[in-house]
1. Taking into account only those residues within the stretch 86-108 that are out of contact with any His (no Cβ under 8 Å at 6 or more places or on another chain) and either in a loop (DSSP other than H, G, I, E, B) or aromatic (Phe, Trp, Tyr) (or both), which is least open to solvent (accessible area, probe 1.4 Å)?
2. Please work out which one of (1) within 22 Å of residue 50 (Cβ to Cβ); (2) surrounded by fewer than 18 Cβ atoms within 10 Å (Cβ to Cβ); (3) at pLDDT 95 or above is the condition residue 168 fails and give its number.
3. Residues that are open to solvent by 40 Å² or more (accessible area, probe 1.4 Å), over 16 Å from the mean Cα position of the chain (by Cα) and more than 20 Å from residue 49 (Cβ to Cβ): does the stretch 109-117 have at least one?
4. Sort out which residues of the stretch 24-55 are under 17 Å from residue 208 (Cα atoms), open to solvent by less than 50 Å² (accessible area, probe 1.4 Å) and either among the aliphatic types (A, V, I, L, M) or out of contact with any strand residue (DSSP E or B) (no Cβ under 9 Å at 6 or more places or on another chain) (or both), and write them in order of number.
5. Can you name the condition, by its number, that residue 199 falls short on among (1) touching a strand residue (DSSP E or B) at 6+ places or on another chain (Cβ under 9 Å); (2) under 22 Å from residue 45 (Cβ atoms); (3) among the polar types (S, T, N, Q); (4) open to solvent by 60 Å² or more (accessible area, probe 1.4 Å)?
6. Does residue 159 qualify as being of a type outside the set (Val, Ile, Thr), assigned to a strand (DSSP E or B) and touching a Gly at 6+ places or on another chain (Cβ under 6 Å)?
7. Looking only at the stretch 33-54, which residues are among the basic types (Lys, Arg) and over 22 Å from residue 203 (Cβ atoms)?
8. Take residue 184 and decide whether it is free of Cβ contacts under 8 Å to residues at least 24 places away in the same chain, under 27 Å from residue 106 (Cα atoms) and touching a Gly at 6+ places or on another chain (Cβ under 8 Å).
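The values are calculated or read from the model by the stated rules, or taken from the named source; none is laboratory data. In this text the structure is predicted, and so the values were computed from the model without any measurement. All Cβ positions, glycine included, derive from the backbone under ideal geometry; neighbour counts span all protein chains shown. For the accessible areas, the whole protein counts, side chains as well, though only heavy atoms, and no ligand, DNA or RNA atoms are used. Shrake-Rupley method; radii C 1.70, N 1.55, O 1.52, S 1.80 Å.
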Amino acid sequence: MKTDRRRQRPVKQDAAPSPAPRGLFYLGQDLPVLLETPRFLVLNKPAGLAVHPGPSTQDSVETRLVTHPRGGPWLAHRLDADTSGCLLIARRKTALLEAQAAFQSRQVRKLYWTVVEGTPTDDEGEISAPLLRQSNPSGWRMIVDPKGDVAVTRWRVLGRAEGRSWLELELLTGRTHQARIHCASLGTPIVGDRVYGKSDANGLHLLARSLHVTLPEGDLEAVAPPPPAMAEALKHLGWQDQS
């Protein structure tokens, strides 16, 4: 089946996201939409908003979505609360199953942008470091441990300046905090990472920059613009806003 190009509404790179489709979100809780098709949405999730409600907050992407009488919509994957950018939403149960199959068969390409403290010695590389969740009385964190789940990240440097670097990350696996701990293990923690680096007043500089999903009906592709504070940091590293 071919993608219905008339109803697919991608945005150009770094353009402002479009207004939310009517009736998708509860009143006053709209989120920016990067791509809309009859069966999928790609949202531009803001940093600081969890994808699921939890013990400390009820506000989340999931609770902002208006529930359909037949169920859904559903989150097709997750982002950390502090990470901004592309988040895939399935509007139908069949769409969710297709998206899950695409993730499982690695028919999904996820690219992240990040600003890190320090400068890697090389211009590109691959990190293969298994990750294990470690709990203690004060909370939990992920650690590199041979007993953990396989986690692989490809990276390349897009810019360097003033003791910081702009990296592009391709996550070949989808482990919790993978980008954050892999950058820290490289010796270049992400700016604003209060768990694996140090806090910053402008928050975590990690963006789910682009998402490409190969589906039976055709490909979905979306690009998220950097949030304002991260955009300013990127400009010092050579990024030029094309919006």
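1. Taking the candidates together, the pick is 105.
2. The failed condition is (1).
3. So in the stretch 109-117, the residues open to solvent by 40 Å² or more (accessible area, probe 1.4 Å) come out as 109, 117.
Checking the rest, the ones that are also over 16 Å from the mean Cα position of the chain (by Cα) come to 117.
With more than 20 Å from residue 49 (Cβ to Cβ) added as a condition, the list becomes 117.
Within the stretch 109-117 (the criterion being open to solvent by 40 Å² or more (accessible area, probe 1.4 Å), over 16 Å from the mean Cα position of the chain (by Cα) and more than 20 Å from residue 49 (Cβ to Cβ)), the answer is yes, since at least one residue qualifies.
4. 31, 33, 34, 35, 41, 42, 43, 49, 50, 51
5. All conditions pass for residue 199, except number (1).
6. Numbers: of a type outside the set (Val, Ile, Thr): yes; assigned to a strand (DSSP E or B): yes; touching a Gly at 6+ places or on another chain (Cβ under 6 Å): yes.
Considered against the rule, which asks whether it is of a type outside the set (Val, Ile, Thr), assigned to a strand (DSSP E or B) and touching a Gly at 6+ places or on another chain (Cβ under 6 Å), residue 159 comes out as yes.
7. Step one: list which residues in the stretch 33-54 are among the basic types (Lys, Arg), which gives 39, 45.
Correct list: 39 only.
8. The answer is yes for residue 184.
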